[in-house]
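Participant: For reference, the structure I am asking about is given below.
The values are calculated or read from the model by the stated rules, or taken from the named source; none is laboratory data. Not measured: the values here are computed from a predicted model. All Cβ positions, even for glycine, are placed from backbone atoms using ideal geometry, and neighbour counts span all protein chains on display. Calculation scope for accessible area: heavy atoms of the full protein, side chains included, ligands and nucleic acids excluded. Shrake-Rupley method; radii C 1.70, N 1.55, O 1.52, S 1.80 Å.
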Amino acid sequence: SCVLRGPVVCGEGGPVTEQRFKVLLAGLERGPFEAIAPVLERQKLDIERVESPEVAVEKARSEQVDLIIFDADPGEMRLEDVVARLREEGSASAKCSLLVMAEPGTDTRARQLIGNGVNRVMLLNDPEELIEQQVAELLHIAPRAAVRFATRLYTSLDNGTEEIFGQTANLSISGMLVQTPTLL
């Protein structure tokens, strides 16, 4: 078993909830969206789907989002103009991560914008694991490993120290998620 010593972080009324990142998914047809959706669901993200990259940029200019994923072929504007509009001073999401998804063989123009407003370019047929890895990196989510083993925790509660047994759910560079039979 593993012994952990340290404070349990709780907020008013219970444990602190995990941070959820806001992601805009824009302009991807139903097929590509269906391929990406399971990857995004695993990361427990707040996802909003909008019809085009242009709509996503206007939304992101007025409210902060953490990541925008959009099609390399926007409808009305050139890709360069969409990126420039998002990155303009005064945009609430000017510093958000930008992932452009392209059909195989149509990614050249998008790749030219890497470092000039675009953070990553991926192909729609890239493996799910690679897409998940790139999304996690862009959102600074520590990689997780699904590892299960018994744990023994010593917790400091109002009435003293208590030993609680549990099981890990996953490990990451930033910590370990432990499931216990009782709510702390």
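Participant: Tell me which residues come under 5 Å, amide H to amide H, from Phe21 once H is placed; ignore anything under 5 positions away on its chain.
Facilitator: Asp46
Participant: Hey, got a sec? Which GluC sites (Glu not before Pro) in segment 64-166 land in a DSSP loop and have at most 16 other Cβ atoms within 10 Å?
Facilitator: Glu76, Glu88, Glu89
Participant: For Leu123, list long-range residues whose amide hydrogen, built 1.01 Å from N in the peptide plane, is under 5 Å from its own amide hydrogen.
Facilitator: Those lying under 5 Å, H to H, from Leu123 are Ala102.
Participant: Looking at segment 77-184, which trypsin sites (Lys or Arg not before Pro) are DSSP coil and have at most 12 other C-beta atoms within 10 Å of their C-beta?
Facilitator: Of the trypsin sites (Lys or Arg not before Pro), the ones in loops of segment 77-184 whose Cβ has at most 12 other Cβ atoms within 10 Å are Arg78, Lys95, Arg148.
Participant: Okay, next question. With the full set of protein chains in place, find how many percent of the accessible area of segment 63-135 is carbon and sulfur; take the probe as 1.4 Å.
Facilitator: Carbon plus sulfur share of accessible area: 43 percent.
Participant: Further question: What accessible area per residue, rounded to a whole number of Å², is obtained for segment 79-171 using a probe radius of 1.4 Å?
Facilitator: 55 Å²
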